[in-house]
Amino acid sequence: MSVNNSINVDLLKERQNASFDSEEFAALFWQGENKLQMKRFFETELLSDTEDLHIYEYLSYEDLYTKALNDCVKAAEKLKKLQNKINPDGNEIYPTLMMGPLAESLMPLGNTFTVHILMFTRALKSHGTDELYQKFGKRADNFEIIGTYAQTELGHGTNLKGLETRADYDRKTDEFILNTPTLSSYKWWPGGLGQSVNYCIVVAQLYINNESKGIQMFLLQVRDEETHMPLPGIDIGDIGKKIGFNGVNNGFLGLKNVRIPRTNMLMRNSKVLSDGTFIQSPKSQLAYLPMVYVRCMVVFNAGYHLALAATIATRYSAVRRQSPINPDEPEPQILDHVTQQHKLFPEIATAIAYNLSASKLNQYFQDTTVAIKKNDFSRLEELHALACTLKASSSYDATAGIERLRLACGGHGYLTSSNFGNIYAKISVTCTYEGENTVLYLQVGKILMKKWADVLAEKQLMPTMSYLNDWKNSKTFNWNGSWDCMIKALQFVTTKKTEITFSHYMRRLKMGQSQPIALNNTGIELIQVAELHACVFVASNFFTEVTGDALAKQSNELRAVLHNLLELFLLKTILRYMNFILLFINLTDADVTDLQNRLEEVLKRLRPDAVAICDSFDFHDSVLQSTLGAYDGNVYERIYAAAKQSSLNSQPVPKSFHTHLKPFMQGKL
């Protein structure tokens, strides 16, 4: 019962019968043929010795952390070696590839260095002074020191203004004194903080002469560089086992009268002079820019992992045969069941939609970063709103989609070796880290209230909200069912829902409610308009990318497939928000019936191409790590081989039989 090298016959037929070239789609998905081939080159060079992820489930918690840390070190060594081989003076391989999809395969238990790379080093460079970066930043870039970013506390997360950690300036010694005065002020959750890092950036309330100056960032050494022992005043450790990411070594940090030099405050923006003078940042939101970047990455990861899950479920559905549609015929591939197509294909389209949105959002971030360097802060509010709403919508949609895809695989989807559990754990956590989704939606809802006031004042709006001005005076909407119509319908509905929400908010203010109370009481509707705003962006961007000039060089066959995916995504979206649409648009029974008919028709059109579309995501088997989703489709052989690896199967009779079961059966207990 070994896994053979041949391709499952059903999968082979699926690939042969596809209407387009999956290689062409793969090049588009990975943003160019060069990037696609480079990705494959790296996979060939680096993934040849990866192990089956599911066997790690049998490790103890400590062994799991040790294995994860070993994987991180081995990954760094591999990437360094390859960098020196190809371009010794560059950094495009190391440390760049310590983050991203390839890194996830090299470090499947979780990357202990994620926060070091994604936030610690970036914050030192973007928020620290040149002197601080010269002293610590370059060492951090070379992993001579390893750090994390300690913001979240045991008692406070998204509400940064409520953080309790204090940094009091001592003018006599030119130092800050850091304290976590209560248990709830302990830093909690930073990746690598437990036992892996020796430095961290602590986000704390700055006090000068016992007067609060707001949230600032401070560089702090937490462990001795040689012995790794915690330094005086430092209470540090691992927070314990979690649902997932158990190799990341999330930690806690308590501080008692820990002194650091004044120059260890990250002072590229806000500053504290030696005499205690505080110079405010030109834009206080700049302190949150590292977190905004992470939110941008969440959107990419959501689309990426949803595509992973869709690939597994679609390949499995092409191999699995069950439940005859016609009782007189053999069992069909479950992919032939329309209900199965309805579970799978919309998630494929959603994965692509968020992949495109992530690229657009990343461009917004890069453009904003360039503008900030020129002291232009005009784009910050738009970037913040967009990152918040897309982070929330993408993480919610991907979490729900991954679970739907697991359920589509029946009982076998519940196996650890299917890898659905690991994928789900990696994405469901994004609903609550780097800003809890409800709070983020509320922030965007409040921004929409401000912008509707600007609409009434006939002010110009930020580009991604300009549609509010476009539809403010429209009372009715003419529906014709086209793609353009669907996009405009979503804009119209969001505009009208924003208008109504604003009126409810204003009514509460006129009743005498304070602004915070009125906002709280309008919270349900604020979340609804924020979610609709995200929907407008994702749908509009998908439409623009798939129908615009960007695809002019692609084949007609690929454009047809992409148009089918757009059609499905728009239909799914319109049907999902039909409750709001019917409030503002007078759809007839015939209109709704037409939408249902089009949904069923596009599922049929996508059916022959489903496997090939997932092949176009070009996921290496070492990336998928799934017995159900491997490229060869040898599902049952792989499930059996994985079962044989269970530690309980290492001997025919376990010790527990003699110590527990046998005595019980013989009545000796």
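The values are calculated or read from the model by the stated rules, or taken from the named source; none is laboratory data. All values derive from a computational prediction rather than experimental measurement. Quick reminder, even Gly has a Cβ in these numbers, built from the backbone with ideal geometry, and neighbours come from all protein chains shown. Remember, those area values only see protein heavy atoms, side chains included, never the ligands or the DNA or RNA. Shrake-Rupley method; radii C 1.70, N 1.55, O 1.52, S 1.80 Å.
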Practice prompt. On the full set of protein chains, 1.4 Å probe, figure out the accessible area of Ile312 and give it in Å² to the nearest 10.
Written response: 0
Worksheet entry | Violating pairs (Cα-Cα greater than 21 angstrom) within the set Lys343/Lys497; Lys135/Lys271; Lys459/Lys497; Lys80/Lys426; Lys451/Lys496 | Lys343/Lys497; Lys80/Lys426
Worksheet item: Roughly what percent of Cα-Cα pairs across region 288-335 reach past 12 Å?
Response: 70
Fill in: For region 1-101, the Rg and Dmax computed from alpha carbons only, in angstrom
18.1, 50
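Expressed as a fraction of 2.2 N^0.38 Å, the rule-of-thumb size for a compact globular protein of N residues, what is the C-alpha radius of gyration of region 81-184? Could the numbers behind the result be given before it?
On the way: Rg = 17.6 Å, N = 104, 2.2 N^0.38 = 12.8 Å.
Here the Cα radius of gyration is 1.37 times the empirical estimate.
Once the piece of chain linking Ile325 and Ala453 is laid out straight, how much longer is it, given 0.36 nm per residue of separation minus the C-alpha distance between them?
Details: separation 128, 0.36 × 128 = 46.08 nm, distance 5.62 nm.
Contour length minus the Cα-Cα distance gives 40.5 nm.
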Item to complete: Could you state, as a whole-number percent, how many of the C-alpha pairs of region 143-194 are farther apart than 12 Å?
Response: 68
Fill in: Set of lysines with alpha-carbon distance to Lys85 below 24 Å, sequence-local pairs under 8 removed
Lys35, Lys39, Lys74, Lys138
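Top to bottom by accessible area (1.4 Å), largest first, where do Ile260, Ile639, Ile524 land? Let's see the in-between values first.
Working: Ile260 10, Ile639 30, Ile524 130 Å².
Listed by decreasing accessible area, they come as Ile524, Ile639, Ile260.
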Discussion item. Test of understanding: extend the Cα→C-beta vector of Asp470 to 7 Å, then name every residue of region 531-553 with backbone N under 13 Å from that spot.
Written reply: 536-544
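Take the Cα atoms of region 555-669, build their convex hull, and give its volume per residue in Å³. Could you put the intermediate results ahead of the total?
Numbers: hull volume 27.8 nm³, N = 115.
Once divided by residue count, the hull of region 555-669 is 242 Å³.
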Discussion item. Just to confirm my numbers, what's the Cα centroid distance between region 120-164 and region 291-359 in Å?
Written reply: 38
Discussion item. Could you tell me the center-to-center distance, by alpha carbons, between region 379-449 and region 208-268 in angstrom?
Written reply: 28
Discussion item. Can you report the principal axis dimensions of region 227-303 using only the alpha carbons, biggest first, rounded to whole angstrom?
Written reply: 48, 38, 18
Item to complete: Binning at 5 Å from 0, report for region 398-472 what percent of all alpha-carbon pair distances ends up in each bin.
Response: 3, 14, 17, 11, 9, 10, 10, 9, 8, 6, 3, 1
Discussion item. For region 505-621, take every pair of Cα atoms, bin their distances at 5 Å starting from 0, and report each bin as a whole percent.
Written reply: 2, 9, 13, 15, 16, 13, 10, 8, 6, 5, 3, 1, 0
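How much length is gained if the chain between Thr659 and Asn159 is pulled fully straight, taking 0.36 nm per residue apart and subtracting their Cα-Cα distance, in nm to one decimal? Please report the intermediate quantities before stating the final value.
Details: separation 500, 0.36 × 500 = 180.00 nm, distance 5.28 nm.
Full extension of this stretch gives 174.7 nm more.
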Discussion item. If the reach is capped at under 17 angstrom between alpha carbons, list the aspartates and glutamates near Lys125, excluding any in the same chain fewer than eight residues apart.
Written reply: Asp141, Glu144
Worksheet item: What accessible area, in Å² to the nearest ten, does a 1.4 Å probe give for Ser19?
Response: 70
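Sorted by accessible area with a 1.4 angstrom probe, largest first, how do Lys283, Lys510 fall?
Values: Lys283 70, Lys510 170 Å².
The most accessible residue leads, giving Lys510, Lys283.
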Response to the item:
Bridge orientation stat for region 96-215 from DSSP, antiparallel percent rounded to 5, came to 55
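How do Glu131, Glu153 stack up against each other in accessible area, from largest to smallest, with a 1.4 angstrom probe? Let's see the in-between values first.
Values: Glu131 130, Glu153 5 Å².
These residues rank, largest area first, as Glu131, Glu153.
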Response to the item:
Taking region 572-669, the lysine pairs whose C-alpha atoms sit under 28 Å apart (8 or more places apart or on different chains) add up to 4
Worksheet item: At q = 0.08, 0.12 Å⁻¹, what is the log10 ratio I(q)/I(0) for the chain, with the Debye formula run over Cα points and no solvent?
Response: -0.69, -1.39
Fill in: Separation between Cα centres of region 625-669 and region 531-583, rounded to whole Å
46
Fill in: Rg/Rh ratio calculated on Cα atoms of region 384-531 (Kirkwood radius)
1.08
Response to the item:
For the pair Gln31 and Val370, the simple spin-label estimate (label points 7 Å beyond Cα toward Cβ) gives in nm 1.4
Fill in: Solvent accessible area, Å² - Tyr433, 1.4 Å probe, full protein context
80
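Could you give the alpha-carbon Rg of region 262-306 over 2.2 N^0.38 Å, rounded to two decimals?
Numbers: Rg = 16.1 Å, N = 45, 2.2 N^0.38 = 9.3 Å.
Cα Rg divided by the expected 2.2 N^0.38 Å: 1.72.
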Response to the item:
Extension length gain for Met99 and His563 (0.36 nm per residue less Cα distance), in nm, is 163.8 nm
Practice prompt. Convert 37 °C to kelvin, take the viscosity as 0.692 mPa s, use the Kirkwood radius over C-alpha pairs of region 248-371 as Rh, and evaluate the Stokes-Einstein diffusion coefficient in µm²/s, rounded to a whole number.
Written response: 166
Worksheet item: Taking each full run of DSSP H in the chain as one helix, which ones are at least 27 Å long along their axis (Cα atoms) and have mean Kyte-Doolittle hydropathy of at least 1.0?
Response: 289-319, 523-547
Worksheet item: What is the log10 of I(q)/I(0) for region 75-133, computed with the Debye formula using one identical point scatterer on each Cα and no solvent, at q = 0.16, 0.26 Å⁻¹?
Response: -0.58, -1.02
Worksheet item: In bins 5 Å wide, starting from 0, what share of all Cα pairs of region 173-243 does each bin hold, as a percent?
Response: 3, 13, 23, 25, 18, 10, 5, 1, 0
